[in-house]
Amino acid sequence: MNLSAESKPRKNPAPRAVMGRVKFSYPRIRCILVPLDFSGKSRQALRYATPLAQKFSAKIVLLHVLLPARGAKREAPGFVPVTQPVAKSAHHRLEEMAHTLVPPAQRGANYVRIGVPADEILATASKLDVDIIVLTTHGRSGLKRFFVGSTAEQVMHQAGCPVLSVRRQ
């Protein structure tokens with residue numbers, strides 16, 4: 001019996017290819033929700049969402065939330081008909097932003113909703129089954145955040161998906 005082949009330890013055994021198994025372990029990102037308030041600072045979220053969408057071949061969905069008129073019922077928010085002048089203008093601005101800032105392969109739908117921003121962001125994310133929300137935050141702290149509240153903070157605490165918060169600079 002020849003034991004010499006069996007008793008020799010292998011020098012630097014070839015590493016096994018694990019990429020085949022790892023390839024499917026990372027989260028799939030197919031839809032990215034980017035809420036915008038049309039400020040120059042809110043566009044920073046697109047600077048993070050765009051390469052992420054390109055990396056995963058995902059679609060970017062833009063959302064703008066209009067505050068309801070005083071006295072409007074909170075239960076009334078929903079998708080805004082494009083026939084309303086203010087909503088139509090907001091939708092047009094979203095289309096322009098998508099056309100200029102989002103590559104064609106990553107463009108998804110654009111939505112304008114009426115209501116409380118955090119509630120509408122969460123409702124839209126749930127309805128569209130988005131994989132991640134990318135938004136900007138003002139970076140308020142202390143009493144100002146306590147009294148004013150933070151849309152980004154509410155979204156981060158209540159969202160059913162990951163949230164990437166970009167601090168406005």
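Taken together, the values in this text are just the output of simple stated rules run on the coordinates, not laboratory data. Note that the structure is a prediction, hence the values are computed from the model and not measured. A quick note on method: Cβ atoms are made from the backbone with ideal geometry, for glycine too, and the neighbour counts reach across all protein chains shown.
Starting from the Cα-Cα distance between Arg43 and Arg28, subtract it from 0.36 nm times their residue separation and give me the gain in nm to one decimal.
3.0 nm
With each label point set 7 Å from Cα along the Cα-Cβ vector, what nm distance links Leu67 and Glu153?
Going by the 7 Å Cα→Cβ label model, 1.8 nm.
So how much slack lies between Arg167 and Ser89, counting 0.36 nm per residue of separation and subtracting their Cα-Cα distance, in nm? Intermediate values should be presented prior to the final figure.
On the way: separation 78, 0.36 × 78 = 28.08 nm, distance 2.71 nm.
Full-extension gain reported as 25.4 nm.
So, by mean Cβ neighbours within 10 angstrom, what's the order for 31-39, 50-58 with the highest one leading?
On the way: 31-39: 20.7, 50-58: 16.0.
Highest-to-lowest ranking by the protection proxy: 31-39, 50-58.
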